[in-house]
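Below is one structure, written out as structure tokens, with a few remarks after it.
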Amino acid sequence: MYKKRKDFLVFGAPLIEEPEIKEITDILRSGWIGTGPKAKRFEEMFRRYKLRKYAIALNSCTAALHLSIRAIDIQNGDEVILPSMTFAGTANAVIHAGGRPVFADCRRDTMTIDPEDIRRKITSKTKAIIPVHFAGRPCDMDEILAIAKRYRLKVIEDCAHAIEAEYKGKKIGTLGDLACFSFYVTKNITTCEGGMVITDDSAYSEKIKIRAMQGLAEDAWTRFSDKSHKHYEVVCDGYKCNMTDLQAVIGIHQLPRIDKYWRRRKEIWGRYDEAFRDLPLAMPLPVAPGDRHALHLYTLLLDIDNLKMTRDCFLKEMIKRNIGISVHYIALHLHPYYRNNFGYRPGDFPNAEWISERTVSLPLSPKLAAEDVEDVISAVVDIVGHGKNKNT
Ligand SMILES: *Cc1c(COP(=O)(O)O)cnc(C)c1O
């Protein structure tokens with residue numbers, strides 16, 4: 001018999017632990033809550049974690065993408081190819097920088113950008129590709145890097161889902177020219193809001209650092225911590241997207257636990273895989289040998305024809321059962337803004353649309369207790385279990 005859980009299970013609830021709670025209080029009392037020593041420390045920790053030469057902490061991954069696109073000198077009308085199966089932030093960052101987002105379809109099985117479709121979308125205006133390591137699964141980087149080399153395009157990796165991922169034994173985010181990470185509340189580790197860019201190119205790093213802080217040649221902490229007064233100089237156009245010390249301390253405590261959290265999500269992932277085997281739905285594809293999946297999103301694809309139930313009906317049923325769920329994503333080209341401004345239409349990206357209609361993401365936070373995981377499973381089974389394959 002199905003038994004409904006009492007309280008609502010929030011999708012993507014972060015696991016915040018006592019050390020960061022305590023240190024936030026210390027920072028609040030310290031007299032310096034802005035960008036300073038903690039942000040620098042977090043950058044250094046992240047740089048070492050990825051073994052890249054430069055890491056710049058910012059207030060979001062959207063800002064990280066925006067400043068990365070500015071760093072490679074995207075000009076008016078330059079085209080940047082990205083998957084339509086991604087979050088709005090990826091495309092919006094291209095628009096902020098003055099570029100034109102050009103969508104490509106994804107593959108149905110991996111849900112990551114299809115290199116064949118990237119090739120079809122290249123024009124004389126194409127300047128860059130943004131592969132999104134969707135759900136934590138590495139994109140087909142050999143193919144993407146080969147295309148980039150052949151057409152002299154820059155590659156900016158969107159690693160918002162993929163901090164822990166590896167592609168053929170190489171750390172994700174070290175394959176492109178620049179790579180961007182998110183520490184938004186629902187991501188694998190969080191700073192509440194936050195982002196990071198990594199690169200091996202000192203010129204890119206310098207441009208990003210300066211633009212993140214109004215185009216000032218020197219950051220506020222260096223200015224204010226100096227005993228003598230210093231005038232600042234504005235050396236280029238800039239924005240305001242620095243990470244504060246208040247945010248960075250959360251990351252400083254979260255980053256060392258990243259593998260512990262990953263292992264907990266792997267357990268939950270395995271439990272879901274086992275429980276859903278015989279249901280009329282597709283589970284995430286196993287990761288390619290030699291790769292490491294960052295296990296950010298456990299996405300089910302409902303067999304809506306067999307179930308005679310829409311995905312949105314499934315969502316309602318899950319919420320009725322007090323289980324928070326999410327959708328990653330309704331493909332960007334289906335949203336009014338991108339349709340009206342860039343001429344996209346339903347039918348343009350068949351695989352992304354196929355996924356958009358069927359996908360649902362289940363809770364996967366390391367905060368989930370064993371009972372929470374079982375509650376998710378019994379809700380799914382209760383809703384779609386009647387469609388069980390008869391021969392199993
Ligand atoms: C979350 C996310 C972003 C944006 O990250 P923010 O830190 O919220 O700006 C970009 N791309 C993808 C794929 C994301 O999931």
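The table below gives the values:
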quantity	calculated
Three-way shape label, segment 137-203, alpha-carbon gyration tensor, a/c 1.5	prolate
Amide H within-cut-off set for K187, under 5 Å, with H built and near neighbours excluded	none
Gyration tensor verdict on segment 136-279 (Cα atoms; rounded if a/c is under 1.5, prolate if a/b is larger than b/c, oblate otherwise)	oblate
Candidates per trypsin sites (Lys or Arg not before Pro) in segment 219-265, loop by DSSP, up to 15 other Cβ within 10 Å	K227, K230
Förster-model FRET efficiency, 45 Å R0, C313 and V235, C-beta, rounded to 0.05	0.20
Rounded to whole Hz, the Karplus (6.51, -1.76, 1.60) HN-Hα couplings of segment 266-273, x for glycine and proline	5, 4, 4, 4, x, 5, 4, 3
Loop sites in segment 288-359: trypsin sites (Lys or Arg not before Pro), DSSP, at most 14 other Cβ within 10 Å	K308
Dipole of segment 1-68 [Lys/Arg +1, Asp/Glu -1 at C-beta], most positive-end residue of A39, S60, G12	G12
For the chain: relative contact order, % (alpha-carbon pairs under 8 angstrom, 6 or more apart)	23
Prolate/oblate/rounded label for the chain (Cα gyration tensor, a/c 1.5)	oblate
Size of electric dipole in the chain: Cβ of Lys, Arg +1 and of Asp, Glu -1, about Cα centre, debye, nearest 20	120
Efficiency of FRET between F342 and S228 - r from beta-carbon atoms, R0 45 angstrom, step 0.05	0.30
Label-point separation in nm, Q214 to E357, each point 7 Å along Cα→Cβ	5.2
For Y239, residues with placed amide H under 5 Å, excluding near neighbours	A212, M213, Q214, G215
E79 long-range amide H proximity, modeled H, under 5 Å	R100, T126, K127
Most mobile of V102, V234, V80 in a GNM of the chain (Cα contacts under 10 Å)	V234
Debye, to nearest 20: dipole size of segment 289-392, +1 on Lys, Arg Cβ, -1 on Asp, Glu Cβ	200
Linear extension gain, K320 paired with M1, 0.36 nm per residue minus alpha-carbon span	113.2 nm
Among the listed pairs K53/K207; K168/K367; K22/K266; K53/K154; K149/K187, those beyond 24 Å (Cα-Cα)	K168/K367; K22/K266; K149/K187
Spin-label zone in segment 82-103 - amide nitrogen under 17 Å from a point set 7 Å from the Cα of L285 along the C-beta vector	83-86
Loop GluC sites (Glu not before Pro), segment 195-260, which have at most 14 other Cβ atoms in a 10 Å radius of their Cβ (DSSP)	E233
Karplus 3J(HN,Hα) series, Hz, for segment 76-82 with 6.51 cos²θ - 1.76 cosθ + 1.60 (x for Gly, Pro)	3, x, 4, 9, 10, 8, 8
H386 versus R277: modelled label distance in nm, points set 7 Å from Cα along the beta carbon direction	2.6
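The numbers here are math on the coordinates, done by the rules we state, and not lab data. Only a predicted model underlies this, so the values are computations on that prediction, with no experimental measurement involved. All Cβ positions, even for glycine, are placed from backbone atoms using ideal geometry, and neighbour counts span all protein chains on display.
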